[in-house]
1. Of all residues being out of contact with any helix residue (DSSP H, G or I) (no Cβ under 8 Å at 6 or more places or on another chain) and modelled with pLDDT of 95 or more in the range 46-74, which is surrounded by the most Cβ atoms within 10 Å (Cβ to Cβ)? Just the residue, please.
2. Scan the range 85-115 residue by residue and report those that are touching a helix residue (DSSP H, G or I) at 6+ places or on another chain (Cβ under 8 Å), in a strand (DSSP E or B) and surrounded by 12 or more Cβ atoms within 10 Å (Cβ to Cβ).
3. If we scan the range 75-84, do we find a residue that is modelled with pLDDT of 90 or more, in contact with a strand residue (DSSP E or B) (Cβ under 6 Å, 6 or more places away or on another chain), under 29 Å from residue 164 (Cβ atoms) and surrounded by 12 or more Cβ atoms within 10 Å (Cβ to Cβ)?
4. Across the range 116-145, which residue is modelled with the highest pLDDT among those that are in contact with a helix residue (DSSP H, G or I) (Cβ under 9 Å, 6 or more places away or on another chain) and surrounded by fewer than 21 Cβ atoms within 10 Å (Cβ to Cβ)?
5. Please verify whether residue 25 is within 31 Å of the chain's Cα centre (by Cα), surrounded by fewer than 10 Cβ atoms within 10 Å (Cβ to Cβ) and either at pLDDT below 85 or in a helix (DSSP H, G or I) (or both), treating the condition exactly as stated.
């Protein structure tokens, strides 16, 4: 005679396998989404650090008596060096032009190589009430089209026909008096 417990088990044979087949794609999709988000966040931090290096270079004087008029090619070199150190594709840089208010009569913005935008003598955003409302500085901005990939050697975007996500960065830095 077959026990009722054994009979109940035989009716559920394969149920675990069916449940696993439903849950596995969701679990794999979640893991891949976490990996991709981590890579996108890393790329965002990298382009922000590169823009910060460009802004710092733009404010650095070229000589003791020259003032703050550094060569724009040095700004491009600072940004591209920081991006190349992290294996960011320079051809994927895009134009990003946030609004800026000039401290003088006209806005001094220029588009540099690799779609890097440099604005000098702009009014900085004042985030604290104690900051000087007339503080001027520089702005370096650009965008980066990050592909939907899961490793450095593959690009899932081209296989799945997924659009690239454009990360945008804009760094303002104050001029020292």
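The values are calculated or read from the model by the stated rules, or taken from the named source; none is laboratory data. Remember, it's a predicted structure, so these values are computed and weren't measured experimentally. Neighbour counts run over all protein chains shown; Cβ positions are idealised from the backbone, glycine included.
1. 52
2. Scanning the range 85-115 gives 93, 94.
3. Scanning the range 75-84, I find at least one residue that is modelled with pLDDT of 90 or more, in contact with a strand residue (DSSP E or B) (Cβ under 6 Å, 6 or more places away or on another chain), under 29 Å from residue 164 (Cβ atoms) and surrounded by 12 or more Cβ atoms within 10 Å (Cβ to Cβ), so the answer is yes.
4. Per the stated criteria, the residue is 143.
5. It is true that residue 25 is within 31 Å of the chain's Cα centre (by Cα), surrounded by fewer than 10 Cβ atoms within 10 Å (Cβ to Cβ) and either at pLDDT below 85 or in a helix (DSSP H, G or I) (or both).
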